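Encoded as structure tokens, the structure appears first; notes follow it.
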Amino acid sequence: MKKTIIEARNLYKEFDKTAVVKHINFTIAENEFVTFLGPSGCGKTTILRMIAGFEMPTSGEIFLYDKVINDIPAYLRPLNTVFQNYALFPHMNVFENIAFPMRLKKQDKNSIGKKVAQLLDVVNLGGYEQRDVSSLSGGQQQRVAIARALANDPKVLLLDEPLSALDLKMRKEMQVELKKIQQEIKKTFIYVTHDQEEALTLSDKIIVLNHGQIQQSGTPTDIYNEPVNTFVADFIGESNIIDGSMTKDFEVEFLGKKFICVDEKPDQQTNRVIVVIRPEDIEIGQRQEHTINGVVTSIVFKGVHYEIMVQCNDYDFMVHTTDYHEIGKDVGLDFGPDDIHIMKAG
Amino acid sequence: MKKALRNVYLYIMLLFLYAPILVLMVYSFNASKSRGQWGGFTLEWYRRLFMDSNIQSALYYTVLVAILATIISTIVGTISSIGIFLYGNRVQKLMLNVNYIPVINPDIVTGVSMMILFAFMSMRQGFATMLIAHITFCIPYVILSVLPKLRQMDVNLIEAAMDLGARPMQIITKVVLAEIKPGIVTGLLFAFTLSIDDFVISFFTTGSGVSNLSIYVYSMAKRGISPEINALSTLMILTVTLLLFVINKRNNKKTKITGERI
């Protein structure tokens, strides 16, 4: 078991009487890459800002190892932040930006010079010391910001949607880079994003938030394959969410057909359940006795696969498949037992 | 045709604006004492100007007041701007409006009210009162050039500095001041220009024995215009023009840089 570095206990924050973070608890282990994922306004950035020390929790505690850090000002916390808009000092060049935290600590010139060169190597910007920050591209500025945040050897690096200002290609490159940096320097990264794909790619652990509450936390695989509720299922990847009913374990009925599934009946009080099926788990083909039948209403080429909408009586399924099916074609949809996820209704 | 007309209009307008100043400058080199005729080129008036101990004393007070008023008003104005900036948006707007009132207030009102205030406080008018008056009317201009710079500043920079270990005082000295430096320098130049050429407020707030150049020119003019005044005015115009030129140059440079960033 890895050692816990950051822990929140009953963390609560309100702005003008509106609760933004509602009594949440979480732990983050050393050297973990943890992502807070959620739609805008879910409180993820507020949590990060409370860890960094820019916001005071209304109640509850934040621990660094076994010490409560609520009352420690931001400039004394051994944590550093990479800001969404980089926040580089425009009146300093690359070297001075990265040297800034070390100069504050009055380190000697030689060791500052060495450290800056080493950090620039880590972020792949060797030789850029004397460049003006405004002459750098967005991606390069982001790298400088990361190098600067690492200059004081923080225990934890906090990243607030650091890639959201970059274009798609640059973002993908930086994702790979970030993961590499994290593995290279072996530090805890706490990352905030609304981009579920980014979260799945980068994280060791994802904490999904909505309305200031934790919906689910776990590894990317757990969260993707076993979403605990419809919010998570819908937010992480695409999902078909259908009302169904279960009269016994391992058998579910929806849209008038019965299917075998791997889940037990989640709630003994009621037969009603919610069925979640990922678009890529649906088999689309000939109509058969046991399939759900429908008509193709649209097909969009997405590069690797087609995204097909199939209208079946009163539900429109989204299907991802590499096969082409023309609009208006009658098709049947089939699901394996592993592909059907059952959730409690309500 | 249309273009020619436009140019003619422009030149007539510029002539209208600058003719008096040009005439004054030309006459400062006029050998004849009479204003009506040209008596040949001379530097005599400039020579006399620099021999005149009254003018030298006036120049001394003008420069001393300008330098002291500039330094003090720049420091006070910058600190005030930072203070105003730290309030919310609403207070900032209110303070900006309050700050505007002295700027648009007629100088004569400012001058008279200051005179009354000094009398009320039974302060003897002289160098100190004139200096205080200059500092007072310069501060709003410093705030007007510094506060917008603060508002333009990315507030994340403050958080970034704090995050990287800067204490509140270090944030101001190492990040904020560097960011608003262009505004401070503009305010400083403004203050200096305003102080150098102020007449009305100085006239009401100074006492016997202490006069600056504009007051001296005024008292000379009452005794009849001497060509020395032309020489003196020419020098003052050149100084102010030079300062304005520097201010404009700085402003142009700034817009160019921000233009590139966008």
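Coordinate-derived values only; no laboratory data. Quantities reported herein were computed from a predicted structural model and do not represent experimental measurements. Using ideal geometry, Cβ is built from the backbone for each residue, glycine included, and neighbour counts are taken over all protein chains shown.
General observations
- Mean Cβ count within 10 Å, highest first, over the residues of peptides B:111-120, B:230-239: B:230-239, B:111-120
- Theoretical FRET efficiency, 1/(1+(r/R0)^6), r = Cβ-Cβ of B:Arg151 and A:Lys109, R0 30 Å, to 0.05: 0.25
- Per-residue ellipticity at 222 nm, computed for chain A from helices alone with -39500 (n - 2.57) per DSSP H run of at least four residues, works out to -7000 deg cm²/dmol.
- Assigned charges on the beta-carbon of Lys, Arg, Asp, Glu; the protein assembly as shown dipole about Cα centre (debye): 4460 debye
- Cα centroid of the range B:1-15 to Cα centroid of the range B:29-58, whole Å: 35 Å
- Relative to the longest principal axis of the Cα atoms of chain A, helix A:109-122 runs at roughly 20 degrees.
- Considering only B:Pro148, B:Val185, B:Pro106, and ranking their Cα positions along the charge dipole of the range B:54-225 that arises from unit charges at the beta-carbon of Lys, Arg, Asp and Glu, the one farthest toward the positive end is B:Pro106.
- Cα gyration tensor category, rounded, prolate or oblate, for the range B:54-225 with a/c compared to 1.5: prolate
- Positive-end residue, the range B:54-225 charge dipole about Cα centroid, Cβ charges, pick of B:Ile158, B:Val91, B:Gln125: B:Gln125
- Sequence ranges B:35-45, A:37-47, A:60-70, ranked by mean other-Cβ count within 10 angstrom, highest first: A:37-47, A:60-70, B:35-45
- Think of each Lys and Arg Cβ as +1 and each Asp and Glu Cβ as -1; about the Cα centre, that makes the dipole of the range B:54-225 roughly 200 debye.
- Of the trypsin sites (Lys or Arg not before Pro) found in the range A:181-237, the ones in coil according to DSSP and having at most 11 other Cβ atoms within 10 Å of their Cβ are A:Lys186.
- Computed from Cα positions, the angle between helix B:53-86 and the longest principal axis of chain B comes to roughly 20 degrees.
- Peptide-level mean, for B:151-163, of C-beta atoms on other protein chains within 10 Å: 6
- Averaged over the residues of A:245-255, the number of partner chain Cβ atoms lying within 10 Å of the residue Cβ comes to 0.
- Applying 1/(1 + (r/R0)^6) with r as the Cβ-Cβ distance of A:Ile185 and A:Asp314 and R0 = 56 angstrom yields a FRET efficiency of 0.55.
- Between A:Asn225 and A:Lys17, the FRET efficiency from the beta-carbon distance, with R0 = 60 Å, is close to 0.95.
- Angle in degrees between helix A:94-104 and the longest Cα principal axis of chain A, rounded to the nearest 10: 70 degrees
- Sequence ranges B:131-143, A:108-120, A:223-235, ranked by mean other-Cβ count within 10 angstrom, highest first: B:131-143, A:223-235, A:108-120
- Within 10 Å of each Cβ in A:88-101, the average number of Cβ atoms from other chains: 3
- Subtracting the Cα-Cα distance of A:Asn271 and A:Gln130 from their residue separation scaled by 0.36 nm leaves 43.9 nm.
- Net charge contributed by nearby residues that have their C-beta within less than 11 Å of A:Lys187 (K/R +1, D/E -1): -2
- Separation between Cα centres of the range B:127-149 and the range B:175-210, rounded to whole Å: 6 Å
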